[in-house]
Amino acid sequence: MSPSFLEELARARPDPGGGAAAAFGGRLGLALLEKVVQLELQRPQPASNPARPWEQNLEQVRQLNAALISLQEEDVQAYLRLAEARAYGEEGQELLGAVREALEVPRQIMAKARQALHLVSWAGAHCKRHLISDLLVAVELLAAAFQGAYHIACANLPLITQDLKRETLASELSQTCQQGHESFLRVKRILTAREPHLDPRNR
């Protein structure tokens, strides 16, 4: 029997690493969101509130999950290519291409996690109140996936030897991180507004 992803992650070797773990964490959040969407789809839908929006949400959730599955594997491959380029002392465009890929994969994970947060926001505004707690867990997992991917991207920045390019990428990453944090806070406010007793500030 092949080892599970968590068993592979725990092994004393560099791959899979933090980027793949971030993608996996995002998938956990999406799984909880899909649970909520599926439960809502099982409910009788009044004519004034058809099920179509939930069906669209489910389709988008599954598309994001498929994307994160691909990115989980792509992160491993990107790391291996970068490690090989550095081991063989490659320079110039070869090394730059490997570094770009190692940066782009976590950036894509960040983008998918942020898209998932928007889906949670819509679901949280329309689902039954007792499902809010599951969505709050999904939000935390997606935020962790976003932040984890950000750390992986930042860890690869020093490999960019051109100062201006490195500073530009660092600025873009910082801006994206801030936008993701704002999305996280906004979604969390939407959810806790429906269940204010879940917010520890109200206890």
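All of the numbers you see were taken from the coordinates with simple rules; none came from a lab. Please read these numbers as outputs of a predicted model, since none were measured by experiment. Cβ placement follows ideal geometry from the backbone for every residue including glycine, while neighbour counts extend to all protein chains displayed.
Label separation (Lys128 vs Leu9): 3.1 nm, computed from points 7 Å beyond Cα along the C-beta direction. Quick one: angle between helix 132-156 and the longest Cα principal axis of the chain, in degrees between 0 and 90, rounded to 10, please. Relative to the chain, helix 132-156 is tipped by roughly 10 degrees.
A Förster distance of 30 Å, applied to the separation of the beta-carbon atoms of Arg189 and Ala66, puts the FRET efficiency at 0.55.
So what's the angle, to the nearest 10 degrees on a 0 to 90 scale, between helix 92-126 and the longest Cα principal axis of the chain? For 92-126 against the chain, the angle is about 10 degrees.
Net charge of the neighbourhood of Ile152, taken over other residues with C-beta under 13 Å away and scored Lys/Arg +1, Asp/Glu -1, is -4. Within the straight-line cut-off of under 15 Å between alpha carbons, the aspartates and glutamates reachable from Lys128 are Glu34, Glu40, Glu195, sequence neighbours fewer than 8 places apart in one chain being disregarded. Sites listed here are GluC sites (Glu not before Pro) in the stretch 87-163 whose DSSP assignment is loop and whose Cβ has at most 13 other Cβ atoms within 10 Å: Glu91. The local environment of Glu55, defined by Cβ-Cβ distances under 15 Å, has a net charge of 0 under the rule Lys, Arg +1 and Asp, Glu -1.
Candidates Val137, Ala85, Asn65 compared by Cα position along the dipole of the stretch 53-158: farthest toward the positive end lies Val137, with charges placed on Cβ. Using Stokes-Einstein with the Kirkwood hydrodynamic radius over Cα pairs, what translational diffusion coefficient do you get for the stretch 81-165 at 25 °C and a viscosity of 0.890 mPa s, in µm²/s rounded to a whole number? Stokes-Einstein gives a translational diffusion coefficient of 165 µm²/s.
Here Ala83 and Gln175 are evaluated by their C-beta separation; at R0 = 35 Å the FRET efficiency comes out at 0.75.
Charged side chains reduced to their Cβ positions (Lys and Arg at +1, Asp and Glu at -1) give the stretch 1-126 a dipole of some 560 debye around its Cα centre. The Cβ shell under 13 Å around Asp15 holds other residues with a net charge of -2, Lys and Arg each +1, Asp and Glu each -1. A Gaussian network model of the chain, with springs between Cα atoms under 10 Å, assigns the largest mean-square fluctuation among Ile132, Ile190, Ile109 to Ile190.
Listed by chain and number, the lysines whose C-alpha is less than 30 Å from the C-alpha of Lys165, apart from same-chain residues fewer than 8 away, are Lys112. Between the helical axis of 163-194 and the longest alpha-carbon principal axis of the chain there is an angle of about 20 degrees.
Using the Cα centre of the chain as origin and beta-carbon charges of +1 (Lys, Arg) and -1 (Asp, Glu), tell me which of Ser121, Leu95, Ala155 is placed farthest towards the positive end of the dipole. Value: Ser121. Normalised by the number of residues in the chain, what is the relative contact order in percent for Cα pairs under 8 Å and 6+ residues apart? Dividing the mean separation by the residue count of the chain yields 28 percent.
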